[in-house]
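Okay, structure first, notes after.
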Amino acid sequence: MKQKPMNKAWRVRLLALGAAALAAGCSMAPKYERPEAPVATDWPGLRLARTLAVAPGTTSAAVQTTAAADIEWQSFFSDPKLRQLIEAALRNNRDLRIAVLNIEQARAQFRIQRADQFPTVGAAATGSRQPNANGNGSISSVYTAGLAMTSYEIDFFGRVASLKDAALAQYLATEEGRKTTQISLIAAVATTYLSLLADEELLAITQQTLATREESFKLSQLRFDNGATSELDLRQAESLTEAARVSLAQLQRQRALDENLLTLLLGQPLTGELTAALPAGQALADAPLMVDVPAGLPSDLLTNRPDIRQAEQQLLAANANIGAARAAFFPRISLTATAGSVSNHLSGLFESGTYGWTLAPQLFLPLFDAGRNRAGLDSANARRDIAVAQYEKAIQTAFREVADALAGRATLGEQLRAQRAQANAEATRFKLSDLRYQNGIASQLDLLDAQRSLFTARQAVVQTRLLQLQNQVTLYKTLGGGWKEPMAAAATTTPSTP
């Protein structure tokens with residue numbers, strides 16, 4: 001008979017806890033509205049880009065209709081050596097490793113905040129001994145053992161839920177940050193690899209030119225020794241020879257710097273199978289073509305660029321923090337409860353009839369805090385405004401990067417065609433000048449000038465071709481391409497959703 005009232009009382013308390021849990025669903029965070037993109041609705045000069053991108057004489061890969069963000073990097077880069085280097089970088093690069101560890105840390109923080117929505121229950125045992133108040137020197141003892149629930153906040157005003165939402169948004173932001181790091185890493189490896197190809201071709205051109213100029217200098221020295229030419233012609237030939245040596249030393253240094261950069265990007269020394277992946281004697285003109293990705297619309301960047309999505313998640317986190325700051329103005333209700341065995345003697349702690357329980361609700365209403373809560377709300381509002389500005393700047397930066405890459409695609413093809421034509425003209429000019437010089441019609445100064453112009457024109461062709469290929473990589477990167485993996489690989493590398 002004594003047991004039934006106890007069960008009824010517990011049912012009432014459980015119903016009260018359930019009602020409190022349902023009431024905890026409200027949130028004081030402001031309704032989120034995505035800020036309007038502060039950019040134009042179309043790319044500047046897109047008509048020019050569409051016209052010149054298919055100009056006569058322009059070498060281009062097949063036009064792809066799939067958005068860049070949906071093209072896996074394994075499909076975009078057709079060079080097997082480059083793909084091997086990118087795979088090594090994705091395994092060992094420290095920046096990418098830090099980005100992945102940041103995800104793990106943010107996910108753990110989210111789980112901590114989510115756990116605050118549930119009560120913490122554990123086993124507890126206490127004991128106390130104190131003199132009785134009757135003054136006869138006797139000592140009273142109380143021992144308890146059982147289950148205890150620590151201070152559990154009933155989230156009537158959504159403070160804990162807002163903190164959980166902010167932690168979740170930060171977690172998702174770190175995941176987008178990892179994608180951004182991967183995109184930048186892949187583009188950096190590809191750009192450095194293309195630079196090494198250009199270094200190889202420029203070294204070959206410079207070595208050929210140096211050999212030709214050394215031969216010309218020997219002939220000039222012989223003619224000067226025999227009085228057939230002046231010292232002016234001799235010093236001109238010597239100057240061009242030393243200029244070629246200067247260019248050779250600069251290129252050798254640049255190639256070493258590019259190898260050092262590639263080593264840093266890969267996160268491991270260039271040994272073993274990676275040595276075979278380095279370009280050796282391969283010309284930049286022979287580099288496999290890459291997919292010509294469509295530009296799409298500026299609004300597509302909001303969903304295709306991970307850095308923009310990261311900025312938006314940070315904005316969502318700042319928005320949720322406002323809800324937590326607003327809830328701090330309202331009462332905070334917490335519960336502490338225990339249920340177990342109570343006895344005045346330790347030996348009789350678990351005997352029958354020693355069952356007992358306590359329930360201690362607590363309400364705290366802030367009355368005076370010297371402006372702490374107001375300052376917390378002002379700080380949350382300021383952080384939200386900062387996040388809005390950062391989000392808008394991320395969009396503007398992305399717009400500018402894509403526009404720059406499109407401008408390069410529109411003009412570099414025509415520039416390369418013209419510079420190749422100029423190099424061919426300089427090669428013909430050099431042959432004619434050499435023929436005229438051999439027949440005594442032209443001076444050695446004319447010959448040396450033609451030789452210098454040909455060397456400069458051949459270098460310009462390689463450098464422009466490098467810019468064109470690197471611009472293709474940049475356009476793929478700025479459009480959000482490079483983070484997507486094949487389905488089989490994504491299933492093993494993507495962190496699980498909390």
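Derivation of every value follows stated rules applied to the coordinates shown; laboratory data play no part. Note that this is a predicted model, so its numbers are computed, not measured. Please note: Cβ atoms are built from the backbone with ideal geometry, for glycine as well, and neighbour counts cover all protein chains shown.
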Requested in this report: Counting helices only, and only those DSSP H runs with n ≥ 4, report the 222 nm mean residue ellipticity of the chain as the sum of -39,500 (n - 2.57) divided by its residues, in deg cm²/dmol to the nearest 500.
Outcome: -22000 deg cm²/dmol
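Could you tally the net charge around Ala328, taking each other residue with its Cβ under 10 Å from the Cβ of Ala328, Lys/Arg +1 and Asp/Glu -1?
The answer is +4.
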Report summary line: With a Förster distance of 22 angstrom and the Cβ-Cβ distance between Leu248 and Ala427, calculated FRET efficiency to the nearest 0.05 equals 0.60
Report summary line: Expressed in angstrom and rounded, the centroid-to-centroid distance over alpha carbons for the range 74-88 and the range 337-376 is 62 Å
Query raised in the report: What does the charge dipole of the chain about its Cα centre add up to, to the nearest 20 debye, if the Cβ of each Lys and Arg holds +1 and the Cβ of each Asp and Glu holds -1?
Result: 2180 debye
Report summary line: With the 8 Å Cα cutoff and a minimum separation of six or more residues, the chain has a relative contact order in percent of 29 percent
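Length gain on complete extension for the stretch Thr456 to Glu351, per 0.36 nm per residue less the alpha carbon to alpha carbon distance?
Roughly 27.8 nm would be gained on extension.
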Requested in this report: Scan [x] 27.3, 80; [y] 22.1, 68; [z] 36.9, 135 for the value of Rg and Dmax of the Cα atoms in Å calculated from this model and give just the label.
Outcome: [z]
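Which net charge results when you count Lys and Arg as +1 and Asp and Glu as -1 among the other residues whose beta-carbon is under 11 Å from that of Val461?
Every neighbour counted, the sum reads +2.
Using a simple charge model, +1 on the beta-carbon of Lys and Arg, -1 on the beta-carbon of Asp and Glu, nothing else, what dipole does the range 162-240 show about its Cα centre, in debye to the nearest 20?
Working: 7 positive and 12 negative charges, 60 e Å.
It comes to approximately 280 debye.
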Query raised in the report: When ranked by the protection proxy of mean other Cβ atoms within 10 Å per residue, highest first, what sequence do the peptides 444-455, 341-352, 243-254 form?
Result: 444-455, 243-254, 341-352
Requested in this report: Under 1.5 on a/c is rounded, so check that first for the range 185-334, then, if it is not, pick prolate when a/b is larger than b/c and oblate when it is not; a ≥ b ≥ c are the square roots of the alpha carbon gyration tensor eigenvalues.
Outcome: prolate
Query raised in the report: Given H placed on each backbone N at 1.01 Å, which residues far from Phe157 in sequence or on other chains put an amide H within less than 5 Å of it?
Result: none
Query raised in the report: If you look for lysine pairs in the chain that are eight or more places apart or on different chains, how many of them have Cα atoms under 26 Å apart?
Result: 12
